[in-house]
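The structure under discussion is supplied below as structure tokens; questions concerning it will follow.
The values are calculated or read from the model by the stated rules, or taken from the named source; none is laboratory data. For clarity, every value in this text was computed on a predicted model and none was experimentally measured. Here the Cβ positions follow ideal geometry from the backbone for every residue, glycine too, while neighbour counts run over all protein chains shown. For the accessible areas, the whole protein counts, side chains as well, though only heavy atoms, and no ligand, DNA or RNA atoms are used. Shrake-Rupley method; radii C 1.70, N 1.55, O 1.52, S 1.80 Å.
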Amino acid sequence: MALETIAENRCFDGLQGVYRHESEACNGPMRFALYRPPQALAGEACPVVTFLSGLTCTEENFTVKAGAQRMAAELGLILVAPDTSPRNQGIAGEDDSYDFGSGAGFYLDATQAPWSKAYRMESYLTRELPAVLEEYFQADWSRQGIMGHSMGGHGALTLHFKNRERWQSVSAFAPIVAPMQVPWGQKAFTGYLGDDRSTWEAYDACALVREKPSRAEILIDQGTADNFLNEQLRPELFEQACRDTGQPLKLRMQEGYDHSYFFIASFIEDHLRHHATALRG
Ligand SMILES: N[C@@H](CCC(=O)N[C@@H](CSC=O)C(=O)NCC(=O)O)C(=O)O
């Protein structure tokens, strides 16, 4: 599969790139950002951490706002930041709302027409993107972690539970943990998966942890001044599910922090250290 380089910039003696390739799962071109630390440029097989962004984001938000590269360079971590949905599918309503359609792929495989022709982010992230990455970049693909923010936190948790051999470490900033019980998730799942709620459970972190907890300790940071905390995020539901099933969880309520990338930038170092420690070879 061909890979097109959109941009490459030197950053903390590593290289921040943005790339594009054709995606069958997403029915068109997809972009991703990838940071290679100096160790990787020198030929070392470095571990890889994927960051999944939230509603309205592209591969750019994390790359330019989180300030992750300095610590990734120090720790020798490769960072991958995919886009959050397919783009330009010509589906009616695709660009009409911030929480459904473009920029809101919810890291699942849609089963409902017309979305099912392209909105297949789970297949994209578990099959197609890994094949592209492994073809074009040197890394230690046996050591990988996943993290994300909000909708991306939901993606990181659910993809970890369903692919724990691939992504051995996991963390999240202000994740949607119980999409079946909150308006963002209910809207997305109805549109992408249909009315049969039994099909939703495969994409609900609370349901997945109750089905089979993982051995990894999950790090979650959540701001107490986050506007979405009580209606959309509800970390207490995941905390209870983890307690009930013995899932190791470090949930940190961060006083006064909101939902923004200023919050992410404030704690990204802890998250990268969490992954580096868990993935140490
Ligand atoms: N109504 C707002 C909501 C968009 C928003 O807050 N997006 C967050 C993620 S929310 C959960 O997935 C985000 O990361 N925004 C991008 C950023 O750079 O801050 C709106 O439409 O703005």
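Only one of (1) out of contact with any Gly (no Cβ under 8 Å at 6 or more places or on another chain); (2) open to solvent by 30 Å² or more (accessible area, probe 1.4 Å); (3) of a type in the set (D, E, K, R); (4) within 16 Å of the ligand (Cβ to nearest atom) is not met by D226, so which one is it?
If we test D226 against (1) out of contact with any Gly (no Cβ under 8 Å at 6 or more places or on another chain); (2) open to solvent by 30 Å² or more (accessible area, probe 1.4 Å); (3) of a type in the set (D, E, K, R); (4) within 16 Å of the ligand (Cβ to nearest atom), just (2) comes out false.
Kindly indicate whether A207 is surrounded by fewer than 22 Cβ atoms within 10 Å (Cβ to Cβ) and at pLDDT 95 or above.
So A207 passes the test.
Hey, another quick one. Only one of A118, A113, A131 is open to solvent by less than 20 Å² (accessible area, probe 1.4 Å), modelled with pLDDT of 95 or more and either over 18 Å from M151 (Cβ atoms) or away from the ligand (no atom under 16 Å from the Cβ) (or both); which?
Exactly one residue qualifies, and that residue is A118.
Let me ask something additional. Could you check, for region 212-223, whether at least one of its residues is at pLDDT 95 or above, part of a helix (DSSP H, G or I) and touching a helix residue (DSSP H, G or I) at 6+ places or on another chain (Cβ under 9 Å)?
no
For the condition open to solvent by 20 Å² or more (accessible area, probe 1.4 Å), among the β-branched types (V, I, T), modelled with pLDDT of 95 or more and in a strand (DSSP E or B), what is the one hit in V18, V49, V80?
Answer to the selection: V18.
Given (1) open to solvent by less than 10 Å² (accessible area, probe 1.4 Å); (2) free of Cβ contacts under 8 Å to residues at least 24 places away in the same chain, identify the lone condition not met by S198.
(1)
Turning to a different aspect of this structure: What are the residue pairs meeting all of these: first residue in region 62-76, first residue part of a helix (DSSP H, G or I), second residue within 16 Å of the ligand (Cβ to nearest atom) and hydroxyl-bearing (S, T, Y), Cβ atoms under 7 Å, and 6 or more apart or on different chains?
Taking only residues 6 or more apart or on different chains, the pairs are F62/S53; K65/Y261.
Could you figure out which of (1) open to solvent by 50 Å² or more (accessible area, probe 1.4 Å); (2) over 29 Å from L272 (Cα atoms); (3) away from the ligand (no atom under 16 Å from the Cβ) isn't true of D95?
Single failed check for D95: (3).
Right, another one. Hey, among the residues in region 52-68 that are within 20 Å of W167 (Cα to Cα) and either among the hydrophobic types (A, V, I, L, M, F, W, C) or surrounded by fewer than 24 Cβ atoms within 10 Å (Cβ to Cβ) (or both), which one's farthest from the ligand (Cβ to nearest atom)?
Applying the filter and picking the extreme gives A68.
For P183, indicate whether it is within 16 Å of the ligand (Cβ to nearest atom), in contact (Cβ under 8 Å) with a residue 12 or more places away in the chain and open to solvent by 10 Å² or more (accessible area, probe 1.4 Å).
yes
I would also like to ask the following. Considering only region 253-281, state which residues are surrounded by 13 or more Cβ atoms within 10 Å (Cβ to Cβ), more than 16 Å from the ligand (Cβ to nearest atom) and among the charged types (D, E, K, R).
Correct list: E269, D270, R273.
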